[in-house]
Number of protein chains: 2
Amino acid sequence: MKDFTEKTLSSEQIFEGRIINLQVDEVELPNGKKSKRELVKHPGAVAIIPITREGKIVLVRQYRKPLEKMVVEIPAGKLEKNEAPFQTAERELQEETGYRCQALQYVTSFYTSPGFADEIVHLYYTDQLERLEVPLDTDEDEFVEVIEVTLDEAFKLVREKQIYDAKTAYAIQYLQLKQLVKGS
Amino acid sequence: MKDFTEKTLSSEQIFEGRIINLQVDEVELPNGKKSKRELVKHPGAVAIIPITREGKIVLVRQYRKPLEKMVVEIPAGKLEKNEAPFQTAERELQEETGYRCQALQYVTSFYTSPGFADEIVHLYYTDQLERLEVPLDTDEDEFVEVIEVTLDEAFKLVREKQIYDAKTAYAIQYLQLKQLVKGS
């Protein structure tokens with residue numbers, strides 16, 4: 001297996017934000033030439049596939065400014081300091097959907113855009129949901145509509161391109177696969 | 001269905017790069033309060049699921065500076081001006097793997113990180129590959145190792161966390177699903 005490690009020659013901090021930082025590194029390529037790499041630093045995130053006792057999937061609709069439109073997604077949120085990913089997942093699920101979960105199963109982790117960002121998403125699954133009697137406060141700049149759909153409706157939303165978020169498309173494919181394996 | 005559109009009050013261009021731009025928008029939230037949104041602008045990308053006549057999947061290993069490691073991915077590349085996505089897909093496949101394809105099937109499109117970026121990935125599938133007699137030049141700052149694995153090996157790479165790129169994990173799940181549906 002080859003190793004194309006790019007040696008960092010210098011690193012310039014361009015921006016430090018609330019969610020992301022941006023830096024530009026000058027690197028030495030495997031052929032000795034120099035190039036620049038634009039790197040978005042992100043704290044990482046969790047996402048949850050929540051299935052109700054009725055077998056419905058709980059989704060959230062929210063406005064995503066980068067896309068300038070409402071986006072249907074599985075519940076998700078960014079990692080906070082001093083919080084383990086599964087704790088973030090439990091908290092975000094409660095805040096966004098009003099459901100508490102008793103048992104969270106780890107599914108997988110993936111990097112969303114390895115070409116320019118280091119964001120990782122840790123994905124969890126639960127079919128052990130309980131509705132909170134008193135809903136939690138959401139983040140003050142977060143507005144979320146909760147929808148519950150059957151798996152067939154979710155598959156249809158993907159086919160009809162009303163779901164076009166990568167982690168959500170992955171999650172729904174995961175459920176399709178689970179259903180097929182179970183049914184076979 | 002609710003509408004939580006965030007009205008743009010002002011927009012500040014922070015950075016214009018070779019691959020991405022960064023801007024910070026001040027927005028008015030649905031409750032009338034103000035907030036800031038950090039927005040990474042990306043031209044979009046294509047990715048291809050290439051299956052050889054022997055039924056192997058063609059993957060590429062390359063160094064991804066944001067993750068500071070070698071990453072195994074399906075062939076992919078960013079959209080270029082005045083080039084249709086399927087043309088970009090055909091070109092990137094040739095440049096990265098040395099294969100030409102005769103029939104490219106569109107699979108789906110998804111946004112990789114809707115929380116902070118507008119990157120979209122258009123995904124294609126082909127099992128009609130022909131090896132190029134004369135390989136094309138790759139981009140001068142791109143170093144890629146091509147590997148061909150069976151589907152079972154690919155599933156194993158995912159399980160063992162040697163594949164952790166979102167689009168590639170999606171692609172391999174897609175192949176698993178295709179195999180199950182075909183076999184049932």
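Looking at the protein assembly as shown, the accessible area is 48 square angstrom per residue; that uses a 1.4 Å probe and ignores ligands, DNA and RNA.
The spread of Cα positions in the protein assembly as shown, taken along each principal axis and listed from longest to shortest, comes to 66, 53, 38 Å.
Extents of segment A:112-175, largest first, come to 42, 31, 22 Å (Cα atoms, principal axes, whole angstrom). Once you've got the Cα coordinates, tell me which of A:K2/B:K69; A:K178/B:K156; A:K81/A:K167; A:K161/A:K182; A:K182/B:K161; A:K161/B:K7 are over 20 Å apart. From A:K2/B:K69; A:K178/B:K156; A:K81/A:K167; A:K161/A:K182; A:K182/B:K161; A:K161/B:K7, over 20 Å: A:K81/A:K167; A:K161/A:K182; A:K182/B:K161; A:K161/B:K7. Heavy-atom accessible area buried between chains B and A is around 6400 Å² (1.4 Å probe, both sides summed). Each principal axis of the Cα cloud of segment A:50-183 was taken in turn, and the coordinate range along them, longest first, works out to 41, 40, 26 Å.
Comparing A:P135, B:Y174, A:A47 along the charge dipole axis of the protein assembly as shown, the residue lying farthest to the positive side is B:Y174, per the Cβ-charge model. The mean count of C-beta atoms from other chains within 10 Å of the C-beta of residues in A:70-78, rounded to a whole number, is 2. Relative to one another, the C-alpha centroids of segment B:143-184 and segment A:85-142 are positioned 25 Å apart. With the helix formula -39500 (n - 2.57) applied to DSSP H stretches of n ≥ 4, chain B reaches a computed 222 nm mean residue ellipticity of -7000 deg cm²/dmol. Of all beta bridges that DSSP places with both ends in segment B:50-183, some 95 percent have antiparallel geometry.
Ligands, DNA and RNA left out, the accessible area of segment A:16-167 computed with a 1.4 Å probe is 44% carbon and sulfur.
Given charges of +1 on the Cβ of Lys and Arg and -1 on the Cβ of Asp and Glu, with all other atoms neutral, how large is the dipole of segment A:79-120 about its Cα centre, in debye to the nearest 20?
Details: 3 positive and 8 negative charges, 29 e Å.
Once rounded to the nearest 20, the dipole reads 140 debye.
Sorted shortest first, the distances from the B:K2 label point to those of the same residue in the other copies are 5.1 nm; each point sits 7 Å from Cα along Cα-to-Cβ.
Sorted from nearest, the other copies put their A:A84 label points 5.2 nm away, the label point being 7 Å from Cα in the direction of Cβ.
Suppose R0 equals 56 Å. What FRET efficiency, 1/(1 + (r/R0)^6) with r the Cβ-Cβ distance, do A:E142 and A:K2 give to the nearest 0.05? Please report the intermediate quantities before stating the final value.
Details: r = 44 Å, r/R0 = 0.78.
The value I calculate is 0.80.
Working note: Karplus 6.51/-1.76/1.60 with θ = phi - 60° gives segment A:57-65 the couplings 9, 8, 10, 10, 10, 8, 7, 10, 4 Hz, where Gly and Pro are set to x. Taken residue by residue and averaged, Cβ atoms of other chains lying within 10 Å of the Cβ of A:28-37 number 3. When a/c reaches 1.5 or more, the comparison of a/b and b/c decides; with that in mind, is segment B:62-137 rounded, prolate or oblate per its Cα gyration tensor? Taking the square roots of the gyration eigenvalues as a ≥ b ≥ c, segment B:62-137 is oblate.
Between A:I49, A:I172, A:I74, the GNM of chain A built on Cα springs shorter than 10 angstrom shows A:I172 fluctuating the most.
Mind checking segment B:138-184 for trypsin sites (Lys or Arg not before Pro) that DSSP puts in a loop (not H, G, I, E or B) and that have at most 16 other Cβ atoms within 10 Å?
On the way: sites: B:K156, B:R159, B:K161, B:K167, B:K178, B:K182; in loops: B:K161.
Passing both the DSSP loop test and the Cβ count: B:K161.
Of the GluC sites (Glu not before Pro) found in segment B:113-184, the ones in coil according to DSSP and having at most 12 other Cβ atoms within 10 Å of their Cβ are B:E133, B:E140, B:E160.
Remind me, relative contact order of chain B in percent, using alpha carbon pairs under 8 angstrom and six or more residues apart?
21
The values are calculated or read from the model by the stated rules, or taken from the named source; none is laboratory data. Just so we're clear, the structure is a prediction, and the values are computed from it rather than from any experiment. Note: ideal-geometry Cβ built from the backbone for every residue, glycine included; neighbour counts use all protein chains shown. When the accessible area is computed, the model is the full protein with side chains, heavy atoms only, and any ligands, DNA or RNA have been set aside. Shrake-Rupley method; radii C 1.70, N 1.55, O 1.52, S 1.80 Å.
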